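What follows is a set of notes on a single structure, which appears directly below.
The values are calculated or read from the model by the stated rules, or taken from the named source; none is laboratory data. Note that the structure is predicted; figures quoted are calculated from it, not measured. For neighbour counting, all protein chains shown are included, and Cβ atoms are generated from backbone atoms with ideal geometry for every residue, glycine included.
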Amino acid sequence: MAIEWVSINLVTTTVESFKHGDPLPESVQQAKQAAIEVLLHNAHGPVDGLPRTAGWGYPEPYTRDLMLSAFGILVSDSAELIETLGRTLTVLAQNQTQRGHIPSMVNDPANLGSSDTTPLFLIAVALYRCATGDDGFLDGATQKALTWMQYQSPDDMVMVGQLPTSDWRDEHWVLGYGLYVNSLVYAYLRLHGRADEGDKLRSLVNRFDVRRDVGNRHIHEGLVVRSKPYYAMYSYKVYNNERFDLLGNCLASLSGLTSKSRRQEVVRWVESECDALRAHGELDVDLPPCLLPYIRGNDPDWRPRYEEFNQAGEYHNGGIWPFICGLYVATCVAAGRHGLARRKLLALTDLVSLHRRDSLTWGFNEWIKAQNGEPMGCDWQSWSAAMYLYAVACVERQSTPFFDEVRAPHHQSAAN
């Protein structure tokens, strides 16, 4: 069955007038240097000498944060940071379960249950191999992890399922076939030379019919939202959620899970929605929230716990996350919107300057409240600093390092 979706023809308000090669402002170079200093500061934490997740507040080595940081670390040209990434991956492999699952905490083999740590490990290993030329790095652990992921498919195909709060959103329910995790799966399949499985996953995401009650018009096919250019957050049998997941859609766009034309439409849609939010006083910065629209108390997917931890425009319910915004900058580049990418990078530069500790010049805070631009999380967050570096590299090079190779039609991993 063919994909059906309504194309949106919007007039963008972005002025894309800069010339290729124009230097970025000095503030970007200052923030770039500060990001490297944050990562170097966090490279040796109090837990077994492993990297800390943030300069303050998170001394623990959280797997997903450190694995997502790999993109920025590997474009940093810092030998120390790259060596630290390799050491972290090695410790993760040592703490891998017998069946291949990667723990949620690098140093704790009993801290299990995350749906995204194993896919992120597989991606980070592949990127590290490409960067260092060590094609056999952690081969045994990689094969075990690939086997583990094969058993995460509820229908024994390739599309993986997850339990609520098991991915990066520990305060937001995503059930079944989640976009974010399956975008990671698609990326690692491509990186590890499993193109046939990747093609199958791409087909399932775009065509996979999980409907059981075909008379229910609210149940859509796969993760396609027929009236929008983006993918739904999740779907499983009669359950689905069609809210816009910024991180999932950015990863789907960057990895090539979606087409180039659809990638361009997603960027147009995001900018239009953000303009509308700003017009209604629901967004105070020039960057998109992690979730659109926000979940309100009378919505069917509202959960009582959100009252305390996940109000509209906060945390996983539409907070502004610098690490995701870094990937949005990259998505703009991948969509050919270089002027917009530059504008968003400058907005991100302003965002990472926000801090809660008075002694800091650059905060690289964890997340920002959408309605007033106030930093709400921990300062000197590793993935905030790393993804800023990645965003700068994308704008400077007018390409998306690593993801360009994943999207290439005949990509072959260095592992193969």
Within region 97-148, which residues are acidic (Asp, Glu), within 19 Å of residue 52 (Cβ to Cβ) and buried (at least 19 other Cβ atoms within 10 Å of the Cβ)? none
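Could you tell me whether residue 186 is closer than 13 Å to residue 235 by Cβ, aromatic (Phe, Trp, Tyr) and either modelled with pLDDT of 95 or more or not in a helix (DSSP H, G or I) (or both)? Quick ask: steps written out before the conclusion?
Working: closer than 13 Å to residue 235 by Cβ: no; aromatic (Phe, Trp, Tyr): yes; either modelled with pLDDT of 95 or more or not in a helix (DSSP H, G or I) (or both): yes.
No: the conditions fail for residue 186.
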Hand me the list of helices (runs of 4 or more DSSP H) wholly inside region 40-96 holding 1 or more residues that are surrounded by 15 or more Cβ atoms within 10 Å (Cβ to Cβ) and acidic (Asp, Glu). 63-68
Selection count where residues are closer than 22 Å to residue 311 by Cα, of a type outside the set (A, V, I, L, M, F, W, C) and surrounded by fewer than 24 Cβ atoms within 10 Å (Cβ to Cβ), scope region 352-382: 10
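Return the only residue of 81, 120 being modelled with pLDDT of 95 or more and either closer than 19 Å to residue 170 by Cα or touching a strand residue (DSSP E or B) at 6+ places or on another chain (Cβ under 9 Å) (or both).
Working: 81 fails: either closer than 19 Å to residue 170 by Cα or touching a strand residue (DSSP E or B) at 6+ places or on another chain (Cβ under 9 Å) (or both).
Only one candidate qualifies: 120.
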Consider region 261-296. How many of its residues are small (Gly, Ala, Ser) and touching a residue at least 24 places away in the same chain (Cβ under 8 Å)? 2
Six or more apart or on different chains, Cβ atoms under 6 Å: show the pairs whose first residue is in region 235-252 and among the aliphatic types (A, V, I, L, M) and whose second is crowded, with 24+ Cβ neighbours inside 10 Å and in a strand (DSSP E or B). 252/231
Quick check: is even one residue across region 284-296 under 30 Å from residue 399 (Cβ atoms), outside any loop (DSSP other than H, G, I, E, B) and touching a Phe, Trp or Tyr at 6+ places or on another chain (Cβ under 9 Å)? yes
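Applying the selection to region 266-283, what residues are assigned to a helix (DSSP H, G or I) and not β-branched (Val, Ile, Thr)? Show your work before the answer.
Of all residues in region 266-283, those assigned to a helix (DSSP H, G or I) come to 266-279.
Those that are assigned to a helix (DSSP H, G or I) and not β-branched (Val, Ile, Thr): 268, 269, 271, 272, 273, 274, 275, 276, 277, 278, 279.
Looking at region 309-328, which of the residues that are out of contact with any His (no Cβ under 9 Å at 6 or more places or on another chain) and outside any helix (DSSP H, G or I) is surrounded by the fewest Cβ atoms within 10 Å (Cβ to Cβ)? Can you show your working first?
Quick first cut of region 309-328, residues out of contact with any His (no Cβ under 9 Å at 6 or more places or on another chain) only: 311-314, 318-328.
Those left that are additionally outside any helix (DSSP H, G or I): 311-314, 318-321.
Details: 311: 18, 312: 20, 313: 21, 314: 22, 318: 26, 319: 23, 320: 28, 321: 28.
Residue satisfying both the conditions and the ranking: 311.
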